[in-house]
Amino acid sequence: MAVNEFRFIDASVLLTAIRKPTTETLARRMRAHQILNDRNFKFVASEFLKLEIIPVAAFFSKKMELRFFTEFFDTVVHWVPPEILVSPALDLASQFGLGAMDALHLCAAKHFDAEFVSAEKPTKPIYRAYSNAVSIYGN
């Protein structure tokens, strides 16, 4: 078991795992599936993650994506109450130049001292804002 058994999976990882890969994205897709299937970790999340990915899939009737997302959310063992995330996310976003959703997600990960896994490039500010953030980009 890892030192900390919790992972917060960024929307970018979920989208990478479900969308048809190109030659350039195939390795990231495989890495996303490895992470999602690693039984040494338990998933944590917030309702903001659902808000980020469910509406587009629902609006465009992407049934396979919706099923995949729903199955992932069914595996989440702890949910961070959204009301405790906004104020610290504002501070974090202001300090590191983060977008709103990235700041909310990082604060949710921090709440459980969880590893934050993203498919964003390692040069993005999320990796400076949270020392336990890892990228599947280029792996």
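Brief remarks on what is shown
- Dipole moment magnitude, nearest 20 debye, the chain about Cα centre, only Lys, Arg, Asp, Glu C-beta charged: 540
- The Cα-based radius of gyration and maximum Cα-Cα distance (Dmax) for the stretch 18-79 are 12.7, 35 Å.
- Cβ-based charge dipole, the chain, positive-most Cα from S118, V77, T22: T22
- For the chain, the direction-averaged projected area of the alpha-carbon convex hull comes to 8.2 nm².
- For the stretch 65-139, the Kirkwood hydrodynamic radius comes to 13.2 Å, computed from all pairs of different C-alpha atoms.
- Order of T25, T16 under a 10 Å beta carbon neighbour criterion, fewest first: T25, T16
- Counting lysine pairs in the chain whose alpha carbons fall under 24 angstrom apart, excluding pairs fewer than 8 residues apart on the same chain, gives 15.
- A simple spin-label model places the labels of D74 and D113 3.2 nm from each other, with each point 7 Å out along Cα-to-Cβ.
Here, each number is a calculation from the coordinates, and none is a lab measurement. Treat the numbers as computed from the prediction; the structure is a model and nothing was measured. Note that we place each Cβ from the backbone using ideal geometry, even for glycine, and neighbour counts take in every protein chain shown.
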